[in-house]
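First comes the structure, then the notes that go with it.
The values are calculated or read from the model by the stated rules, or taken from the named source; none is laboratory data. Keep in mind the model is a prediction, meaning the values are calculated, not measured. Here Cβ is always computed from backbone atoms with ideal geometry, including for glycine, and neighbour counts include all displayed protein chains. When the accessible area is computed, the model is the full protein with side chains, heavy atoms only, and any ligands, DNA or RNA have been set aside. Shrake-Rupley method; radii C 1.70, N 1.55, O 1.52, S 1.80 Å.
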Amino acid sequence: MTTGGVSHGLDLATAALSRPGDTVLCESPTYFLVHQIFADHGLRIESLPTDADGLDTCALEARCEDSGKPPPRLLYLVPSHGNPSGATLPEARRSRLVELARKHGFYVLADEVYQLLDWSPSGPPPRLLCYDDPYRAMKQSTLPTSGGSGSGS
């Protein structure tokens, strides 16, 4: 689907996949505009820790298995060249993240606007969608941020 930018796409996905009062998990630190998008939809926002490789999937698993908390409906992250951390989630964590989404029934909103901005010899890791069958992940991207001129959204 074509949208007016990543923030617009996140807004539409959030409206389609959640209801007020649902829980969304976000890596911390994260994209500065995303909290307001989720708050506008009445979601409960919880932060998950990161390290030099991005989202801590062990912490995600522990959170998902915490029976004292409501199950998450969504997980938001920037898996490649994270904004603002710069971290890129390794392939093993990408695979584990999608396994956890399947097991616990939440959707992954993968903000992959920086996916193609990788000049390492091995190239960028596969997008989260590559690990996902049946589909629990949604990719968000934008041409201006990843390859065009002008400002990204």
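Rank-order 46-57, 115-126, 70-81, 97-108 by packing density, defined as the average count of other C-beta atoms within 10 Å over each peptide's residues, highest first. All intermediate terms of the calculation are to be shown ahead of the outcome.
On the way: 46-57: 16.7, 115-126: 12.1, 70-81: 22.7, 97-108: 19.0.
Result, highest mean first: 70-81, 97-108, 46-57, 115-126.
For segment 25-75, what is the charge dipole size about the Cα centre, in debye to the nearest 20, if Lys and Arg each add +1 at the Cβ and Asp and Glu each add -1 at the Cβ?
Details: 4 positive and 9 negative charges, 60 e Å.
Around 280 debye, computed over segment 25-75.
Using 0.36 nm times the number of residues separating E65 and L33, minus their current alpha carbon distance, what extension gain do you get? Provide the component values of the computation, followed by the final result.
Numbers: separation 32, 0.36 × 32 = 11.52 nm, distance 2.81 nm.
So the extension gain works out to 8.7 nm.
Tell me, in nm to one decimal, what length is gained between C130 and A52 on full extension, where the rule is 0.36 nm per residue of separation less the Cα-Cα distance? Intermediate values should be presented prior to the final figure.
Numbers: separation 78, 0.36 × 78 = 28.08 nm, distance 2.27 nm.
Roughly 25.8 nm would be gained on extension.
Tally up the carbon and sulfur contribution to the accessible surface of the chain as a whole percent, 1.4 Å probe, everything protein left in place.
Working: 4030 of 7500 Å².
Ligands and nucleic acids excluded, carbon and sulfur reach 54 percent.
Tell me the mean residue ellipticity at 222 nm calculated for the chain from its helices only (DSSP H runs of n ≥ 4, each -39500 (n - 2.57), averaged over every residue, nearest 500).
On the way: 5 runs with 45 residues, N = 153.
Mean residue ellipticity, 222 nm, calculated: -8500 deg cm²/dmol.
Let's test this: bin the Cα-Cα distances of the chain at 10 Å from zero up to the farthest pair and state each bin's percent.
Each 10 Å bin holds this share of Cα pairs: 11, 44, 37, 8, 1.
Which cross-chain or sequence-distant (5 or more) residues have an amide H under 5 Å from the amide H of S28, H modelled 1.01 Å from N in plane?
L48, T50
Suppose we take every Cα in segment 33-115 and form the convex hull; what volume per residue is that in Å³?
Details: hull volume 7.6 nm³, N = 83.
With only Cα atoms used, segment 33-115 gives 92 Å³ per residue.
First measure r as the distance between the Cβ atoms of A16 and A92, then evaluate 1/(1 + (r/R0)^6) with R0 = 22 Å and state the FRET efficiency to the nearest 0.05.
On the way: r = 30 Å, r/R0 = 1.36.
The computed FRET efficiency comes out at 0.15.
Which value, in Å², gives the accessible area per residue of segment 63-134 when a 1.4 Å probe is used on the protein heavy atoms? Display every interim value, and only then the final one.
Working: 3300 Å² over 72 residues.
On a per-residue basis, 46 Å².
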